[in-house]
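The values are calculated or read from the model by the stated rules, or taken from the named source; none is laboratory data. These numbers were taken from a predicted model, which means no experiment stands behind them. Note: ideal-geometry Cβ built from the backbone for every residue, glycine included; neighbour counts use all protein chains shown. Just the protein is used for accessible areas: all its heavy atoms, side chains included, with ligands, DNA and RNA removed. Shrake-Rupley method; radii C 1.70, N 1.55, O 1.52, S 1.80 Å.
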Amino acid sequence: IREINTINGINAYPSQANFIMIDLKQTSSYDLCVSALNNANILIKDLSTKNYFNNKNYIRVAVRNEEDNNRLLSFIKVYFKC
């Protein structure tokens, strides 16, 4: 979560479960999810269609092992050009 929160334009929220919710602010959650699947074979849950989020750009990612977490973090950094 700390590493994700260093990326400009997104904010990760802590959770009691094995997932992290991320607010993408001005970036399309749908576009990020499609890019992750097509380019990195990473499946990310797009929350923008859920009523509670009112079409805002939130995603949910699972906390997995260190290798998978680093792979996701690398993808996000490339996507946001960090």
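Here is a check on your reading of the model: is residue 74 assigned to a helix (DSSP H, G or I) and either open to solvent by 30 Å² or more (accessible area, probe 1.4 Å) or in contact (Cβ under 8 Å) with a residue 24 or more places away in the chain (or both)? Yes, satisfied. Within segment 45-66, the residues that satisfy the criterion of being outside any loop (DSSP other than H, G, I, E, B), touching a residue at least 24 places away in the same chain (Cβ under 8 Å) and open to solvent by less than 40 Å² (accessible area, probe 1.4 Å) are 58, 59, 61. Would you mind stating whether residue 12 is of a type outside the set (D, E, K, R) and modelled with pLDDT of 95 or more? So residue 12 fits the description; yes. Candidates in segment 4-44 are the residues that are assigned to a loop (DSSP other than H, G, I, E, B), open to solvent by 80 Å² or more (accessible area, probe 1.4 Å) and touching a residue at least 12 places away in the same chain (Cβ under 8 Å); of these, the one that is nearest to residue 80 (Cα to Cα) is 8. The criterion of being basic (Lys, Arg) and outside any helix (DSSP H, G or I) holds for residue 81.
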